[in-house]
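The values are calculated or read from the model by the stated rules, or taken from the named source; none is laboratory data. Note that the structure is a prediction, hence the values are computed from the model and not measured. Cβ placement follows ideal geometry from the backbone for every residue including glycine, while neighbour counts extend to all protein chains displayed.
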Amino acid sequence: MQFIPRDMPPRSIWSLEQAGVHPLLARLYAARGISQATTLDVALAHLLPPTSLKGIEAAAVLLADAMAADKKLCIVADYDCDGATACAVAVRGLRLLGARQVSYIVPDRVVDGYGLTPPIAERVKASGADVLITVDNGIASVDGVATARALGLQVLVTDHHLPAAVLPEADAIVNPNQPGCTFESKSLAGVGVMFYVLLVLRAELRKRGVFTAEQQPKLDTLLPLVALGTVADVVKLDANNRRLVAQGLARVRKGQMPAGMSALFVASGRQSATCTSQDFGFALGPRINAAGRLSDMTLGIECLTTDDVGRATELATQLDRINRERREIEGDMREQALELAQEMFDPEEEPPSALCVFDPDFHEGVVGIVASKLKDLHHRPTFVFAPSQAAGKGHELKGSGRSIPGFHLRDALDLVAKRHPGVLLRFGGHAMAAGCTLEEDNLATFEEALQQVAAEWLDAATLQRRLETDGPLLAEYRRPELADTLAREVWGQGFAPPTFSENIEVLGQRLVGEKHLALKLRHQGQPVDGIWFGRLDPLPAVAHLAFRLEADEWQGNKRVRFVIEGMAE
């Protein structure tokens, strides 16, 4: 692994320090492109205005008209955490604003597949709905939207995924990534798009005299859900997304959140009063996602929409159990996948430029997680396939891929599809994550084609595992209260958590739990504990380590612990 020190512009550091930002935070923010303290202001007033979202005014008029006519609204959600939180925000928000008839449908990952398909449109019509609203999907649902409109439904698409060449002919589309949209934040999650739609709908209802500015419903109660979905979907935390997450975190820490979120904190053993974005990404998010992977995402959505504390507790406990099951399946699959991947190449040689792994015993619900683990281990674009569990689709494979910086996965799939027409039955996704479906007989062709694209696009430098770091940590900053301060800031995708690096003495090391390395270290002359999760191999007496700060509490005493992220070769 190669450590790449982040550039820290002195002028930016000076400007931030002059504005009262802590010197360490000034360094960290400057290294992440922040040059003015105003960028750090997370007040709601600094959110990007919604009016620049193309189609949002039409969406608000459509919804306001439907509510005035007491029409039935049905939300079609995606089956991940972003989709679940977007659905919960839509249900709660529309009801807050006066909609009396709001329902939702979430496709089954196995039976229905992704997005608004024609059969889902037919189910919405059969439910008695008049208006169909997609959240976190729909931009690629050309046939589904056409079916819905042919059935007499009005259709509002709210999404954030990249569109194809042809857009669906919906009554209104709100997506920051659609052609002609000037909204500055292209990284808005699906839940963020729906939140913005509600803001403009409320303004439209004010214009119609339904509310006054003084007595209009407060939509900021939805921000904990917006924050959860934004972090869990691993979208880039640009300034606008950081504001949404910071606002949600602030409310959660005060106990102001839906009953289901509170119950999920309890079920996961986390403390909401000291909640961080890490809790959303690694505790609450996976429990919501597990429902969509192994069971029924309506469990997750009901958990986030119910106000019954008892029911919320029951659902959170159920989601926690499903997540434990998911972890067991994932663990077994990961071991199998590692063995299969190792068989693909000589361990003494460099692995191929892209990995493609399949086993008939894999579960399609967790292929993405396993692909992510393999990608992290080998630093290669990776696809993991499982047999489709959909009825009548036993000959098809469902694949999920994860990528590395410098390799746009969806564009790679597009090129494979053009070079080998008919090999991919369906595909879609983003730069770093994508999915596809193919016939089992075409797997070898796909693998060869993907490796060919990777060989063309990736050079030796890109295939070298790199880790950006914030350089050495001054001894004066090795304090528990400063570790807590760092933890409370908003970090995540595109705004990486602080990772320091320097030569450190290794005084002692032992395996704990048979899979983690507990360390006794000497940092700048002072002893400090360390932990390297998932590390089995011993370290040399002096190692160039990358580490995060963590405040570790033991028997009532708080002390700093270094969480090791890597070792320079």
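Against the test of being part of a helix (DSSP H, G or I), among the hydroxyl-bearing types (Ser, Thr, Tyr) and out of contact with any helix residue (DSSP H, G or I) (no Cβ under 7 Å at 6 or more places or on another chain), the options Thr437, Thr445 yield a single qualifying residue, Thr445. Among the residues of the stretch 374-393, write down those that are outside any strand (DSSP E or B) and touching a residue at least 40 places away in the same chain (Cβ under 8 Å). Hits for the stretch 374-393 are Leu374, His379, Arg380, Pro381, Ser388, Gln389, Ala390, Ala391. In the condition set (1) in contact with a His (Cβ under 8 Å, 6 or more places away or on another chain); (2) surrounded by fewer than 18 Cβ atoms within 10 Å (Cβ to Cβ); (3) among the hydrophobic types (A, V, I, L, M, F, W, C); (4) over 30 Å from Glu553 (Cβ atoms), Ala475 is compliant with all but (4). Among the numbered conditions (1) touching a Leu at 6+ places or on another chain (Cβ under 7 Å); (2) under 20 Å from Phe495 (Cα atoms), tell me where Asp171 comes up short. That leaves (2) as the condition not met. Taking the stretch 16-60, which residues are part of a helix (DSSP H, G or I), surrounded by 16 or more Cβ atoms within 10 Å (Cβ to Cβ) and assigned by TED's automatic domain parsing to the domain that holds Leu97? Within the stretch 16-60, Pro50, Ile56, Glu57, Ala58, Ala59, Ala60 qualify.
Reported count of residues in the stretch 86-113, each being over 23 Å from Lys71 (Cβ atoms) and surrounded by fewer than 20 Cβ atoms within 10 Å (Cβ to Cβ), is 5. Scanning the stretch 205-264 for residues that are more than 19 Å from Arg92 (Cβ to Cβ), without any contact (Cβ under 8 Å) to a residue 40 or more places away in the chain and among the β-branched types (Val, Ile, Thr) returns a single hit, Thr212.
Residue selection: Asp238 fails the criterion of being under 20 Å from Ser262 (Cβ atoms) and in the same structural domain as Leu284 (by TED's automatic domain parsing). Going residue by residue through the stretch 432-445, is there one that turns out to be within 20 Å of the chain's Cα centre (by Cα), assigned by TED's automatic domain parsing to the domain that holds Val366 and farther than 18 Å from Val110 by Cα? For the stretch 432-445, residues within 20 Å of the chain's Cα centre (by Cα), assigned by TED's automatic domain parsing to the domain that holds Val366 and farther than 18 Å from Val110 by Cα: present. Output the residue which, of all residues in the stretch 339-361 that are in a loop (DSSP other than H, G, I, E, B) and among the acidic types (Asp, Glu), is farthest from His395 (Cα to Cα). Residue satisfying both the conditions and the ranking: Glu348. Could you tell me whether Ala417 is without any contact (Cβ under 8 Å) to a residue 24 or more places away in the chain, assigned by TED's automatic domain parsing to the domain that holds Glu456 and in contact with a Leu (Cβ under 7 Å, 6 or more places away or on another chain)? Taking the combined requirement at face value, the residue satisfies it.
Of all residues in the stretch 394-414 being without any contact (Cβ under 8 Å) to a residue 24 or more places away in the chain and part of a loop (DSSP other than H, G, I, E, B), which is nearest to Val367 (Cα to Cα)? Result: Gly394.
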